[in-house]
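The values are calculated or read from the model by the stated rules, or taken from the named source; none is laboratory data. Everything numeric here is computed off the predicted structure, so don't read it as measured data. As a convention, Cβ positions derive from the backbone with ideal geometry for all residues, glycine included, and neighbour counts pool all protein chains shown. In case anyone asks, the SASA skips ligands and DNA or RNA and just uses the protein heavy atoms, side chains included. Shrake-Rupley method; radii C 1.70, N 1.55, O 1.52, S 1.80 Å.
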Amino acid sequence: MNYKQLLRWLWRSTSYNRLQALLNVIIGLLDVAVSLAQIWAVKHAIDVASHNVEGSVIMSVGVIALLILCNFILSISSVWVRNVLGIKAQNRMQQMMLERILRSEWRGRGAMHSGDVINRLESDVVQVVNFCAETLPNAVCVFTLFVGAFFFLFSLDHLLAICIVCLFPVFLLLSKVYMGRMRRLSREVRESDSLVQSMLQESVQNRMLIKTLEGEGIMVDRLEGHHQELRRKVLRRTRFSVISNLIVNMGFATGYIITFGWSAVRLSLGTLTYGGMAAFLQLVNKIQQPARNLSKLVPQFVSVFTAAERLMHLEDIPLEPQGEPVTLPGVCGVRLCDVSYSYPDEPANNIINCLSYDFRPNTCTAIVGETGVGKTTLLRLIMALTKPTEGTVSIYADNGTEEVASPLTRCNITYVPQGNTMLSGTIRDNLLLGNPEATDDDMYAVLAKCEAHFVKELPDGLDTNVTESGGGLSEGQAQRICIARALLRRCSLLILDEATSALDPDTERRLLQNILAGHTHTVIFITHRTAVLDYCDAQLRL
């Protein structure tokens, strides 16, 4: 992406931390004023001490002490702003990016690894926030310091000030070349770092599989390979950065030597006081310091452009339609009319081909078929997680109301996917995800309906903590809590995708009888268990 696009996106990002940026600008400008005042105070004190000007040494030293105290206060204020407002800005941006991802279209075959996404939400967000809230305000202050120091020096020695500033365009030319190369190297490092994090995440998540396959050594060796690649790219970036900084610093050193020699000559000729020489050296440092800071800002600009580009890619996925949920009255049914679906990268290969079917209200239907024939894909079409290539999927009510399936009709559906989908936290936290307003009585009632009486017998009951993927519970216990969480949504259309696979036959039988007894749901099963078919009114074989 070009710099114009990146800068426009970064400007929008400043909406999360403009107060912090404004405070940093104010603190920075005050610090510039205090720094220039210190130079004048030191010059004045030296001239008073050497009897070149009249005045009180004690008063002069007192002014210097007061300015140093002001520096301390500004430094503390800067730290407070950074730590208090900075973390708030990071939190707000992470929340915004996460909400954007969760509300975007579902991409079942997304090429972006979850570890890479997390890396972007953490590292890249921090870089963007720090750039907008600290780097940009710092650049304003650096420029102000440069202008103030230049005019101060110009008032003392026109020729020297012009000579020192003439080095500045050379620096800007070098920085432009530097930014192009450094941006490419930084992008390569970030991509390699994301690959490392992705592998770490997968290894931790699948450690049981790795242990049973005795693949510990293989995974560690693979990680070492990724680490070597990361180190190689970091070394290339560091080598380029060191050489560039060496060239720039040699230019700064040359400017300082010229200033020192010129002021020494003038001092020996009697056209400059000791205080004047001290002021020369400090002012040249204040002029060169912005250039030094810019040499540090350039890598930060490169890093933030890389981070912004990576975050912008997260926003490339379009949002789902947003608006008020469309809740249909009574018990809903689902109607498919000539539905076909193929993956975008395989348009000629239909997973589902010209399927028409009616899941009538208050019925229980089993979707059966061999692995890979499109059973789960069909559920995703009903839930509007993906769109049919041809045909229509609609949700309808007994009174004749009918709506094309969309994210806005998802409020009529509750879904229990395959496997263990519990989140870390308490059992209560997991259940409240289904209905944030559910009471303890509501939760215990639905747990009883799902044959999860064991929760009441636990020492902490609903407040029992579980780890990732329901750690601390058996697979069967976790599945029953997941079904209870779905039932708390009180939606009329219930979709179960192999949701009872970990249950013993007796528990499964009682659970299904409890769910179907009230005739308050249209139930759609995906199952390979023949016992479940006994409870179904119809079968759809794909």
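Annotations for the structure displayed:
- Additional length obtainable on full extension of the chain from Ser340 to Phe154, 0.36 nm per residue less Cα span: 59.3 nm
- Normalised per residue, the volume of the convex hull around the Cα set of the chain (Å³): 211
- Over region 390-538, the reciprocal of the mean inverse Cα-Cα separation, the Kirkwood hydrodynamic radius, stands at 16.1 Å.
- Put simply, when 219-226, 516-523, 362-369 are sorted by average Cβ atoms within 10 angstrom per residue, most first, you get 362-369, 516-523, 219-226.
- On Cα atoms only, tilt of 475-487 relative to the major axis of the chain in degrees: 90
- FRET E, pair Val242, Glu370, Förster distance 60 Å, beta-carbon r, rounded to 0.05: 0.50
- Bins of 5 Å, starting at 0 and running to the largest distance - Cα pair percent for region 449-524: 3, 14, 26, 26, 17, 10, 4, 0
- Estimated from helices alone, the mean residue ellipticity of the chain at 222 nm is -20000 deg cm²/dmol (sum of -39500 (n - 2.57) over DSSP H runs with n ≥ 4, per residue).
- For Lys233, a cut-off of 13 angstrom between C-alpha atoms picks up these aspartates and glutamates, skipping any fewer than 8 places away in its own chain: Glu188, Glu191, Asp193.
- Carbon and sulfur %, accessible surface of the chain computed with the full protein complex present, 1.4 Å: 60
- Of all aspartates and glutamates in the structure, the ones whose alpha carbon falls short of 14 Å from that of Lys375, not counting any fewer than 8 places away in one chain, are Asp497, Glu498.
- Heavy-atom accessible surface of region 1-126, averaged per residue, reaches 60 Å², computed with a 1.4 Å probe.
- Of the listed residues Arg120, Arg428, the order by accessible area with a 1.4 Å probe, largest first, is Arg428, Arg120.
- Here the scattering of region 1-160 is modelled by Debye summation over its C-alpha atoms, one equal scatterer each and no solvent; at q = 0.11, 0.14, 0.21 Å⁻¹ the log10 of I(q)/I(0) is -0.64, -0.84, -1.30.
- Heavy atoms of the protein chains alone define the surface here; on that basis region 304-423 has 44 Å² accessible area per residue at 1.4 Å probe size.
- Computed label-point distance, nm, for sites Asp504 and Arg541 using a 7 Å Cα→Cβ extension: 3.2
- Packing around the peptides 480-488, 131-139, taken as the average count of other Cβ atoms within 10 Å per residue, puts them in this order, highest first: 480-488, 131-139.
- Relative to the longest principal axis of the Cα atoms of the chain, helix 440-449 runs at roughly 40 degrees.
- In this calculation the C-beta distance from Asp463 to Leu433 is compared with R0 = 22 Å, giving a FRET efficiency of 0.90.
- One decimal place: the segment Leu269-Val61 gains 72.0 nm when fully extended, by the rule 0.36 nm per residue minus the C-alpha distance.
- Summing +1 for each Lys or Arg and -1 for each Asp or Glu among the other residues whose beta-carbon sits under 13 angstrom from that of Ser78 gives -1.
- Legend: calculated FRET efficiency, Lys387 to His528, from the Cβ-Cβ distance at R0 = 25 Å, rounded to 0.05, equals 0.35.
- C-alpha long axis of helix 57-80 to longest principal axis of the chain, angle in °: 10
- Highest-first arrangement of 419-425, 123-129, 316-322, where packing means the average Cβ count within 10 Å: 123-129, 419-425, 316-322
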